[in-house]
Amino acid sequence: MNFDKIDREARKILRRNDRGGYTVPTAGLYPYQWNWDSCFAAWGFSTFDVKRAWFEIHTLFTGQWDNGMLPHIIFHKRADGYFPGPDVWDVPRVPHTSGISQPPVAATMIRSIYEADKRYGRVHMELIYGRLVSWHRWFIKNRMERGMIAITHPWESGRDNARDWDKAMANIDPTGVGEYHRRDTDHVDPEMRPKKEDYDRYLKIVYHNRDCGWNEEKIAKTGLFRVADVGITFIFLRACRDLLHIALELDHETAEIEGWIKDLEAGVENHWNPKGFYDSVDLKTGEFTDSLSSASFFEWYSGMSGDRMLGHLNRILDEVKFGVPSNDPEDEHFNPKRYWRGPVWGMVNTLIGIGLDEQGHIKTAERLRKETQELIAEHGFYEYFSPLDGAPEGGDVFTWTAAIWLTWAGPHAKGRF
Ligand code: 9WN
């Protein structure tokens, strides 16, 4: 295997998906700047072009709202091929954005980019620090419940059609969404994408929240979907720890962030399903979602050290050829092809692997890294892969797959933040 060639290919993909200051996840299927994709892109760039990495971050934050929210898509310039575009979201600001957020990996990635070159990064870190804090405050003010972080739309989880949302979605009546033309299935095999019944509900929620004027208080009272996402709680807890580290480094006040960390650490307990795994909680019904998804394995990445998910992780890794599947293979709805209901995502493996490594589970972390390496080296820089045979799925020439090759999965990667 010519790994140098694959390294070069990864760098080429980041350059190729660069639209002048921001990187699209992949041409065609996702022609705009996505929040967490962009953070992974910046982290990837930081391995060979730290200036470009910071540029990505600053461009992302041009989309930040006055209330601190960092949207999940920034529509810098009009592009064809994606639905729902800026007209559907109807957010009255420039650049146009969507009206929801995404997993807050930014503080963690930014810390790493800063550490790649502190001399160059210092002024950028100072500029972005306040913006990061205001995004974190937005989560605390609007989304923290019993120490867990709520999402108001499945797209905010970044795991759109995960099993976690099935029960909450079934409670939404999709009538009235009308006709629309999905563009994703023009680019990718429909078997690999969410179903129409999911899309009807995705749109129903967007229309409702848009009619609330994207006002978080109104959405909290009347919203159709409100689930405490175990993935976001873990990711946010980790991000708060990294934010604290940055605050100390820059000599800023830390008491507020320390308070968030304490509340989140307590909140993690509320994600513990007595059936024996970390789970999301439907805040409208108070019920666990009863789904064991790959996000439950962010336990280590979050900095919690209970090893409570280790048994399930070892079992699942033995049940599939390539870990970690986005859904438990023993679940009756497990589907190795359909998006977040079974396939393996490289960047999810990265977060899980880094956490395992940090907490001393070196062998398991290495196993996961090698499996991810093989997936990419054998099949290419795809969006996701089948956990059963590694078949490539979704979009090709994918930004975050290239980024994690350079930062974690590839043989020349540092393998940590
Ligand atoms: C909706 C861009 C994004 C990722 C998400 C992934 C997918 C969008 C979609 O693509 O979601 O945001 O249209 O399917 O689920 O994690 O950020 O790569």
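Among the residues here, Phe398 does not qualify as crowded, with 24+ Cβ neighbours inside 10 Å, within 16 Å of the ligand (Cβ to nearest atom) and more than 16 Å from the chain's Cα centre (by Cα).
For segment 318-338, residues that are within 13 Å of Asp389 (Cα to Cα) and either at pLDDT below 95 or assigned to a helix (DSSP H, G or I) (or both) total 1.
The requirement of being more than 11 Å from the ligand (Cβ to nearest atom), among the polar types (S, T, N, Q), more than 21 Å from Tyr384 (Cα to Cα) and in contact with a Leu (Cβ under 7 Å, 6 or more places away or on another chain) is fulfilled somewhere in segment 60-82, by at least one residue. Looking for something in a helix (DSSP H, G or I) and without any contact (Cβ under 8 Å) to a residue 40 or more places away in the chain - is there at least one such residue anywhere in segment 120-127? For segment 120-127, residues in a helix (DSSP H, G or I) and without any contact (Cβ under 8 Å) to a residue 40 or more places away in the chain: present. State all residues of segment 269-278 that are touching a helix residue (DSSP H, G or I) at 6+ places or on another chain (Cβ under 6 Å) and within 22 Å of Phe225 (Cα to Cα); if no residue qualifies, say none. Result: His271, Tyr278. Could you please let me know if Phe61 is among the aromatic types (Phe, Trp, Tyr), at pLDDT 95 or above and over 22 Å from the mean Cα position of the chain (by Cα)? In short, no. Looking across Gly99, Gly158, Gly121, Gly130, one residue alone is within 16 Å of the ligand (Cβ to nearest atom), among the small types (Gly, Ala, Ser), modelled with pLDDT of 95 or more and more than 21 Å from Tyr301 (Cα to Cα). It is Gly99. Scanning segment 37-53 for residues being without any contact (Cβ under 8 Å) to a residue 60 or more places away in the chain and surrounded by fewer than 24 Cβ atoms within 10 Å (Cβ to Cβ) gives a total of 2.
This table checks each residue for (1) without any contact (Cβ under 8 Å) to a residue 40 or more places away in the chain; (2) in contact with a Gly (Cβ under 6 Å, 6 or more places away or on another chain).
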{"site": "Arg11", "(1), (2)": "no, no"}
{"site": "Asn35", "(1), (2)": "no, no"}
{"site": "Phe55", "(1), (2)": "yes, yes"}
{"site": "Phe61", "(1), (2)": "no, no"}
{"site": "His76", "(1), (2)": "no, no"}
{"site": "Pro103", "(1), (2)": "no, yes"}
{"site": "Ala106", "(1), (2)": "no, no"}
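Only one of the numbered conditions (1) free of Cβ contacts under 8 Å to residues at least 40 places away in the same chain; (2) among the aromatic types (Phe, Trp, Tyr); (3) over 28 Å from Trp165 (Cα atoms) is violated by Tyr382, and that is (3). Scan segment 297-307 and tell me whether some residue there is over 25 Å from Phe417 (Cβ atoms) and outside any loop (DSSP other than H, G, I, E, B). Scanning segment 297-307 turns up no residue that is over 25 Å from Phe417 (Cβ atoms) and outside any loop (DSSP other than H, G, I, E, B).
Within segment 258-278, the residues that satisfy the criterion of being buried (at least 22 other Cβ atoms within 10 Å of the Cβ) and within 24 Å of Cys39 (Cα to Cα) are Trp260, Leu264. Only one of these is at pLDDT 95 or above, farther than 27 Å from Thr350 by Cα and either within 18 Å of the chain's Cα centre (by Cα) or not β-branched (Val, Ile, Thr) (or both): Gly267, Gly276, Gly286. Name it. Sole residue among the options that is at pLDDT 95 or above, farther than 27 Å from Thr350 by Cα and either within 18 Å of the chain's Cα centre (by Cα) or not β-branched (Val, Ile, Thr) (or both): Gly286. Taking the criterion of being hydroxyl-bearing (Ser, Thr, Tyr) and either under 15 Å from Lys321 (Cβ atoms) or touching a Cys at 6+ places or on another chain (Cβ under 6 Å) (or both), the residues of segment 351-385 that qualify are Thr372, Tyr384. Can you name the residue in segment 329-360 that is of a type in the set (D, E, K, R) and crowded, with 20+ Cβ neighbours inside 10 Å and is also nearest to the chain's Cα centre (by Cα) among such residues? Selected residue: Arg341. In segment 319-328 there is at least one residue that is free of Cβ contacts under 8 Å to residues at least 24 places away in the same chain, surrounded by fewer than 23 Cβ atoms within 10 Å (Cβ to Cβ) and over 22 Å from Trp138 (Cα atoms).
Conditions tested, residue by residue: (1) away from the ligand (no atom under 16 Å from the Cβ); (2) touching an Asp or Glu at 6+ places or on another chain (Cβ under 7 Å); (3) closer than 28 Å to Met304 by Cβ.
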{"position": "Arg183", "(1), (2), (3)": "no, no, no"}
{"position": "Glu197", "(1), (2), (3)": "no, no, no"}
{"position": "Asn215", "(1), (2), (3)": "yes, no, no"}
{"position": "Leu250", "(1), (2), (3)": "yes, yes, yes"}
{"position": "Glu258", "(1), (2), (3)": "yes, no, yes"}
{"position": "Gly267", "(1), (2), (3)": "yes, no, yes"}
{"position": "Asn273", "(1), (2), (3)": "yes, yes, yes"}
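The values are calculated or read from the model by the stated rules, or taken from the named source; none is laboratory data. All values reported here derive from a predicted model rather than from experimental measurement. Don't worry about glycine lacking a Cβ; one is built from the backbone with ideal geometry, like all the others, and counts go over all protein chains shown.
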